[in-house]
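Engineer: Take a look at this one; I'll ask things after.
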Amino acid sequence: MEIKNKHLSEVYGELAARNAGEPEFLQAVAEVFESLSPVADAHPEYVKAGIFSRIVEPERFVQFRVSWVDDEGNVRVNRGYRVQFNSALGPYKGGLRFNKEVSASVIKFLGFEQIFKNSLTTLPMGGGKGGSDFDPKGKSEGEIMRFCQSFMTELYRHIGPDTDVPAGDKGVGGREIGYLFGQYKRLTNRFEGVLTGKAIVSGGSQIRVPATGYGLLYFLDEMLKDRGLGIDGKTIVISASGNVAIYACEKAQQMGGHVVAMSDTNGYIYDPKGIKLDVVKQIKEVERGRISEYTKRVPGSTYTEGSRGIWTIPCDIALPCATQNEIDGEDAKTLVKNGCFAVAEGANMPSTPEAVECFLANGVAFAPAKASNAGGVATSGLEMTQNSIRLPWTAEEVDEKLHGIMRNIYAAAKDAAAEYGMAGNLVAGANIAGFKKVADAMLWQGIAY
Ligand code: NDP
């Protein structure tokens with residue numbers, strides 16, 4: 001990875017010295033800065049206003065103690081975070097992740113990416129992210145509720161419908177959002193659109209649950225059509241079996257795709273006849289069980305221990321929907337060797353820099369996360385609008401708006417890449433298109449921002 005512009009390279013050097021020990025955050029910034037070199041060359045006004053140094057420094061970063069009592073009566077202590085990275089375009093917006101891997105570095109990488117993703121949606125949202133190193137896996141309902149209530153007991157003072165609007169992410173689904181929302185309401189005595197991903201009976205949006213997965217397929221469809229290709233009849237491998245993966249699979253199957261594999265943290269299933277999504281939903285959404293169960297219920301399918309091996313399955317299209325850095329350079333080479341011609345990222349930063357390089361060098365149609373998985377936050381933005389006007393839209397209305405937003409994001413990324421001499425490179429295009437709007441808003445608002 002090379003940051004060609006001298007100013008950007010210096011800013012990155014200072015950032016790396018200041019944030020040593022935060023590898024995920026530095027990886028995310030390096031990837032964006034690499035794309036922005038031609039923008040810095042062409043826009044000395046951004047350099048003069050210190051936009052690049054300012055955009056990598058969060059406006060606010062909160063870390064807090066979350067103590068709660070488990071079912072055996074033991075006091076447990078976790079760490080909570082909220083990064084309010086950039087509010088140039090609107091209130092901070094971004095999910096909460098509950099997972100033992102969560103650290104300041106992970107939250108800052110996700111918050112930084114979120115700035116540009118939200119900008120690409122064209123909705124008025126700044127960038128933020130939060131979470132905790134609490135892992136909901138294996139916890140009882142009561143423990144999860146008490147944890148969420150304790151987490152919100154601190155978080156509520158930092159958020160609000162016009163300040164910062166969190167949502168879900170890994171480990172935070174409808175159940176957790178419900179407990180968080182209930183506690184916010186109790187503490188503030190206000191029923192307002194402070195969180196998105198709410199239940200429909202409490203002001204949530206239709207389509208929010210499947211939005212990220214559906215949006216991913218809408219983006220993929222656009223990218224393939226532009227290359228004279230399509231999803232119908234293609235063999236597809238999807239990592240994970242969480243929110244994004246399940247609804248990516250649902251839409252892929254609706255579009256005629258043949259999904260043959262899915263996974264979880266333990267291993268992957270292969271079903272040459274095509275994944276039976278109702279079985280996966282029952283295991284993962286209802287029973288909250290392990291994906292290995294699938295083979296007991298579907299004859300002819302197999303289970304392999306170790307999630308990474310999923311990338312050895314020959315496929316036309318790969319959809320990584322699990323976590324950061326889940327495809328490395330070697331996995332990418334294997335995918336290319338086996339004939340994979342398109343990769344669309346459902347998870348955030350699932351491909352390492354070496355993997356991205358391999359895909360681009362081999363002409364794989366590559367959809368980067370901040371563009372291709374923006375459907376979730378876009379629909380959250382629509383939920384905010386519905387809460388503000390106090391008027392719900394139908395599923396058809398929301399789906400149509402989501403589809404339009406994904407088409408526009410594709411066009412914006414494609415056009416920006418072409419404008420800066422990198423036609424076809426959607427990584428660069430998404431970074432540039434997302435960045436320029438934020439930079440112009442920061443310029444307009446003066447140095448205090
Ligand atoms: P969920 O918590 O719903 O599901 C996470 C899934 O990933 C689970 O199936 C989990 O398995 C699996 N998983 C985690 N690590 C691995 C791994 N190393 N290999 C294979 N599977 C793994 O999370 P989401 O679906 O919401 O989020 C997934 C990704 O998508 C994250 O990167 C998130 O930031 C991103 N994203 C999510 C959005 C949303 O709207 N939800 C929006 C935009 C991005 P197990 O069951 O074993 O835990």
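Engineer: Need at least 1 residues that are among the aromatic types (Phe, Trp, Tyr) per element, so show me which helices (runs of 4 or more DSSP H) inside the range 361-449 make the cut, counting only ones lying wholly within it.
Structural biologist: Numbers: elements: 369-372, 375-389, 395-419, 426-445.
Because the criterion is at least 1 residues that are among the aromatic types (Phe, Trp, Tyr), the helices (runs of 4 or more DSSP H) in the range 361-449 that meet it are 395-419, 426-445.
Engineer: Under the condition of being closer than 23 Å to Gln63 by Cβ and of a type in the set (S, T, N, Q), which residue from the range 95-147 is surrounded by the most Cβ atoms within 10 Å (Cβ to Cβ)?
Structural biologist: Asn118
Engineer: Follow-up. Report, ordered by the first and then the second residue, all pairs with beta carbons closer than 7 Å, sequence separation of six or more or different chains, a first member in the range 390-401 that is over 22 Å from Phe191 (Cα atoms), and a second member that is part of a helix (DSSP H, G or I).
Structural biologist: Qualifying pairs under 7 Å: Val398/Thr379; Val398/Leu382; Lys401/Leu382.
Engineer: What number of residues in the range 122-160 are closer than 23 Å to Thr385 by Cβ and either more than 24 Å from the chain's Cα centre (by Cα) or assigned to a loop (DSSP other than H, G, I, E, B) (or both)?
Structural biologist: 5
Engineer: Quick test for you: out of Phe112, Phe85, Phe64, pick the one residue that is in contact with a strand residue (DSSP E or B) (Cβ under 7 Å, 6 or more places away or on another chain), assigned to a strand (DSSP E or B), closer than 26 Å to Leu402 by Cβ and aromatic (Phe, Trp, Tyr). Give the steps one after another, and end with the answer.
Structural biologist: Values: Phe112 fails: assigned to a strand (DSSP E or B); Phe64 fails: closer than 26 Å to Leu402 by Cβ.
Phe85 is the lone residue from the list that is in contact with a strand residue (DSSP E or B) (Cβ under 7 Å, 6 or more places away or on another chain), assigned to a strand (DSSP E or B), closer than 26 Å to Leu402 by Cβ and aromatic (Phe, Trp, Tyr).
Engineer: For the range 213-306, give me every one of the strands (runs of 3 or more DSSP E) that falls completely inside it and has 1 or more residues that are within 16 Å of the ligand (Cβ to nearest atom) and surrounded by fewer than 15 Cβ atoms within 10 Å (Cβ to Cβ). Outline the logic, then answer.
Structural biologist: Numbers: elements: 235-238, 258-263, 267-270, 302-305.
Ranges flagged: 302-305.
Engineer: While we're here: Could you figure out which of (1) in contact (Cβ under 8 Å) with a residue 60 or more places away in the chain; (2) over 22 Å from Arg288 (Cβ atoms); (3) among the hydroxyl-bearing types (Ser, Thr, Tyr) isn't true of Ser239?
Structural biologist: (2)
Engineer: Among (1) touching a residue at least 60 places away in the same chain (Cβ under 8 Å); (2) within 18 Å of Ser35 (Cβ to Cβ); (3) out of contact with any helix residue (DSSP H, G or I) (no Cβ under 6 Å at 6 or more places or on another chain), there is one condition Ser372 misses while meeting the rest; what is its number?
Structural biologist: Among (1) touching a residue at least 60 places away in the same chain (Cβ under 8 Å); (2) within 18 Å of Ser35 (Cβ to Cβ); (3) out of contact with any helix residue (DSSP H, G or I) (no Cβ under 6 Å at 6 or more places or on another chain), Ser372 violates only (3).
Engineer: Something else now. Need pairs with beta-carbon distance below 6 Å; first residue in the same structural domain as Glu141 (by TED's automatic domain parsing) and more than 20 Å from Lys284 (Cα to Cα) and within the range 162-185, second of a type in the set (Ser, Thr, Tyr) and assigned to a helix (DSSP H, G or I); sequence gap 6+ or separate chains.
Structural biologist: Ala167/Ser380; Tyr184/Tyr156
Engineer: Looking only at the range 263-287, count how many residues are in contact (Cβ under 8 Å) with a residue 24 or more places away in the chain and within 26 Å of the chain's Cα centre (by Cα).
Structural biologist: At the first step, the residues of the range 263-287 found to be in contact (Cβ under 8 Å) with a residue 24 or more places away in the chain are 263-273, 275, 277, 280-281, 283-285.
Subset that is within 26 Å of the chain's Cα centre (by Cα): 263-270, 275, 277, 280-281, 283-285.
Residues that pass the stated criteria total 15.
The values are calculated or read from the model by the stated rules, or taken from the named source; none is laboratory data. Note that the structure is a prediction, hence the values are computed from the model and not measured. Note that each Cβ is placed from the backbone with ideal geometry, even for glycine, and that neighbours are counted across all protein chains shown.
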